[in-house]
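Working notes for the structure below.
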Amino acid sequence: MSKRKKLTLAGLAVALILGIGSLPEVILGKMQHYQVLSPQTVSYRASVRCEGTVYPGEGYDLLSSGLYQVAESYVSLGEQVKKGDTLAVLAPVDQSREAVLYLQTQGRGFSGQEENAGLTSALAQAYGLEGSSLPELGTMLLTPEAGEGKTIAVLSPVTGVVTKEIPTPGSIVKPGTAICGVEGEENCFALLSVGERDAGNLSVGDDVILAGEGVGLVTATGVITKIYPGTRKEISGTSVQRVVDVEVSILSDSQEIRPGFGVKAQIFTEEERQIMILPYESVGQDDRDNSEYVMVAGKYRLEKRSVTTGLETLEGVEILSGLSPDDLVTVPGEMAPAESKYFLKMEGE
């Protein structure tokens with residue numbers, strides 16, 4: 001064989017080898033690269049979100065039942081007191097009647113029950129007070145009658161904080177005058193405003209998580225103790241909506257509860273369950289019939305598969321049917337618009 005032929009054959013062999021070597025690169029150049037993931041299984045518990053205000057378990061106005069002089073004052077506005085602490089001392093001027101009426105003006109017992117109406121009217125007449133000017137009574141306690149020449153101690157009916165300033169010593173208090181006010185800080189509750197549509201899903205006993213200034217820097221737990229009948233109108237921004245008042249007992253005892261401050265609440269309306277979710281962008285909608293679908297990765301191509309969706313959560317959308325936990329679904333941003341005709345190179349997260 002001539003030297004020229006040998007050189008030609010050698011060149012052809014090299015070209016063939018190089019061509020075969022570059023074949024995978026040509027094939028890979030036509031491959032579509034997709035990032036895929038499997039549906040996630042997460043815990044979910046249906047809930048309703050709303051807002052409200054913390055109220056004391058008990059709140060009292062201490063009213064003078066006759067003509068008295070304030071002899072001593074021991075507490076100031078905003079001061080913490082315990083049940084039974086002496087708040088003030090009165091010097092009796094009219095010794096024929098009890099010194100102080102303890103009128104409950106706030107709290108769970110304060111609802112103006114019909115059974116108290118007769119007692120309220122009788123007491124108002126006996127002490128020369130205008131019944132219409134008195135708060136409705138939830139609870140009434142009377143101090144013993146003062147003996148002649150004896151002073152009268154005004155005691156705190158609850159553990160809490162002083163909310164009304166005691167008149168200056170030497171002052172004369174007339175019948176019906178508030179000597180002091182005390183709000184209890186035990187057994188506080190939150191009064192929440194819930195939209196009428198959401199209120200239909202609530203039940204007494206539902207668990208609640210509270211957060212905000214009313215419960216300090218950490219969340220507190222609670223439970224629904226009362227759902228008020230009927231609705232009322234409430235202004236929200238520029239619109240008016242109908243809401244239902246819901247009372248929640250605050251269960252946490254290890255943190256500062258602040259009556260009068262606001263709270264945000266999450267009310268759980270069912271037990272926790274497991275759901276399967278996908279990112280919202282992984283679910284497409286067919287323009288022809290508005291059905292929902294995802295692109296599932298097969299061995300060599302993408303498959304367009306119809307799915308049924310359910311709940312929408314912060315993590316993603318619930319998949320009710322059409323997928324199994326082992327399926328691989330294309331990730332947002334790299335989904336093919338139709339079934340792919342190319343080989344796939346799968347790249348999981």
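Details
- Search result, residues across the range 239-267 that are in contact (Cβ under 8 Å) with a residue 40 or more places away in the chain, of a type outside the set (Val, Ile, Thr) and crowded, with 16+ Cβ neighbours inside 10 Å: Asp245, Glu247, Ser249, Arg258, Pro259, Lys264, Ala265
- Scanning the range 206-218 for residues that are open to solvent by 40 Å² or more (accessible area, probe 1.4 Å), part of a loop (DSSP other than H, G, I, E, B) and closer than 14 Å to Glu51 by Cα yields a total of 0.
- Per the listing Ser306, Ser324, the residue uniquely open to solvent by 40 Å² or more (accessible area, probe 1.4 Å) and either in a strand (DSSP E or B) or touching a Cys at 6+ places or on another chain (Cβ under 9 Å) (or both) is Ser306.
- Test: Ile250 is under 28 Å from Thr41 (Cα atoms) and among the aliphatic types (A, V, I, L, M): no
- Residues in the range 268-291 that are part of a strand (DSSP E or B) and open to solvent by less than 60 Å² (accessible area, probe 1.4 Å) were compared, and the one that is farthest from Leu323 (Cα to Cα) is Phe268.
- Of the residues making up the range 194-205, those that are under 14 Å from the mean Cα position of the chain (by Cα) and either surrounded by 20 or more Cβ atoms within 10 Å (Cβ to Cβ) or aliphatic (A, V, I, L, M) (or both) are Val194, Ala199, Leu202.
- Residues of the range 150-205 that turn out to be in contact with a Lys or Arg (Cβ under 9 Å, 6 or more places away or on another chain), part of a strand (DSSP E or B) and of a type in the set (Gly, Ala, Ser), as a count: 6
The values are calculated or read from the model by the stated rules, or taken from the named source; none is laboratory data. Note that the structure is predicted; figures quoted are calculated from it, not measured. Quick reminder, even Gly has a Cβ in these numbers, built from the backbone with ideal geometry, and neighbours come from all protein chains shown. Ligands, DNA and RNA are excluded from the accessible area calculation, which covers all protein heavy atoms including side chains. Shrake-Rupley method; radii C 1.70, N 1.55, O 1.52, S 1.80 Å.
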